[in-house]
1. Tell me, which residue of the range 243-275 that is among the acidic types (D, E) and not in a helix (DSSP H, G or I) is farthest from R211 (Cα to Cα)?
2. The conditions are (1) in contact (Cβ under 8 Å) with a residue 40 or more places away in the chain; (2) of a type in the set (A, V, I, L, M); (3) open to solvent by 40 Å² or more (accessible area, probe 1.4 Å), and A262 fails exactly one of them. Which is it?
3. Being more than 15 Å from G130 (Cβ to Cβ) and among the small types (G, A, S) narrows it down to one residue among A265, A286; which is it?
4. Starting from residues that are without any contact (Cβ under 8 Å) to a residue 40 or more places away in the chain and of a type in the set (G, A, S), keep the ones in the range 83-106 and report whichever is most open to solvent (accessible area, probe 1.4 Å).
5. Looking at the structure I just gave you, is V193 among the β-branched types (V, I, T) and open to solvent by 70 Å² or more (accessible area, probe 1.4 Å)?
6. Which members of the range 165-203 meet the condition of being in a loop (DSSP other than H, G, I, E, B), over 19 Å from G244 (Cα atoms) and free of Cβ contacts under 8 Å to residues at least 40 places away in the same chain?
7. Any chance you could count how many residues in the range 137-158 are closer than 18 Å to L293 by Cα and outside any loop (DSSP other than H, G, I, E, B)?
8. Only one residue in A140, A136, A123, A153 is surrounded by fewer than 24 Cβ atoms within 10 Å (Cβ to Cβ) and within 17 Å of the chain's Cα centre (by Cα). Which one?
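The values are calculated or read from the model by the stated rules, or taken from the named source; none is laboratory data. Only a predicted model underlies this, so the values are computations on that prediction, with no experimental measurement involved. For neighbour counting, all protein chains shown are included, and Cβ atoms are generated from backbone atoms with ideal geometry for every residue, glycine included. We work out accessible area using only protein heavy atoms, side chains counted, and drop any ligands, DNA or RNA first. Shrake-Rupley method; radii C 1.70, N 1.55, O 1.52, S 1.80 Å.
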Amino acid sequence: MSSLGIDIGGTKTVAVLLERGAVLASHQVATRRGAGAVGSAVEAAEHVLVATGTEVASLEGAGLGVPGIVGDDRTSVRSAVNLGIDALDIGAAVGGRLGMRITVDNDVRAAVLGARHLLGERAEAVAFVGLGTGIAAGIALGDRVLRGASGAAGEIGHIPVPGAVETCRCGQLGCLETIAAGWAIARRWDGPVPAASMLAAARAGDERGMREWDDFTGALAHAIRSLVLTTGVDAVLIGGGVSGLGAPLLDGLCDRLAGWAADSALLRALDVPGRIRLLPEGAQPAAVGAAILGLG
């Protein structure tokens with residue numbers, strides 16, 4: 001049983017071929033903005049299909065994850081602000097060019113299924129927090145992924161956090177993304193991986209670096225605490241490009257959460273740090289999850 005999964009991210013688009021639950025092949029291309037994102041998805045998918053000698057007719061299903069609000073039709077997306085898309089029937093556009101039907105969902109809702117699959121996570125209630133160009137969460141309760149009444153469940157990147165004062169891309173003031181999203185970090189730090197530049201400066205004792213690293217980990221810890229308190233998930237799986245910071249990120253989050261727990265019996269009982277897992281670098285949970293969605 002094979003399925004194709006595509007993840008359109010703010011900077012890169014990844015396609016994978018899933019064969020009996022294992023990733024047989026993957027390919028990554030740069031994401032083009034606006035309607036150009038369709039071409040990026042098609043390019044990545046065609047490369048995987050050609051590389052594996054897979055015919056479209058032999059696929060059991062295909063899915064696509066996209067960072068925006070996906071309609072109940074599971075093919076259209078709107079308000080994909082990090083792609084520059086207001087509204088687009090992206091499933092029909094990509095599927096039409098590839099010659100197959102594609103099931104579309106929000107990228108982090110796909111990613112929670114993929115992350116749970118890749119880590120072998122057996123908890124009943126799981127959240128995936130994607131730290132990439134933008135920030136959002138996918139929540140799975142058993143086999144059901146929470147979508148919300150308008151398809152916008154899990155948009156934690158657009159909740160206000162303490163200390164955030166800038167206007168977000170979404171138009172609100174003080175969103176989590178203005179401190180911790182890849183697009184916001186890249187405005188303040190140079191280098192091929194701006195978040196790594198921030199971490200390096202903090203480790204070197206740079207005053208600005210230490211202040212911004214503290215703001216970064218504090219804002220993310222605030223969002224994760226809120227996520228656990230409101231949903232009661234057993235596990236919080238963290239992935240996305242910014243999660244490549246690895247152990248320093250995990251340590252920073254856990255230290256902040258442990259500090260708050262020292263003053264709160266409730267937080268000590270919940271043990272939020274004990275629920276956090278980092279996906280290994282290079283994992284592609286959204287693409288894998290999209291392939292799983294395609295089978296449904």
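1. Among them, the one singled out is D271.
2. (1)
3. Exactly one residue qualifies, and that residue is A265.
4. Going through the qualifying residues, I end up with A87.
5. In short, yes.
6. Passing the criteria: V165, E166, C168, G171, Q172, G174.
7. 7
8. Just a single option satisfies the conditions, and that option is A153.
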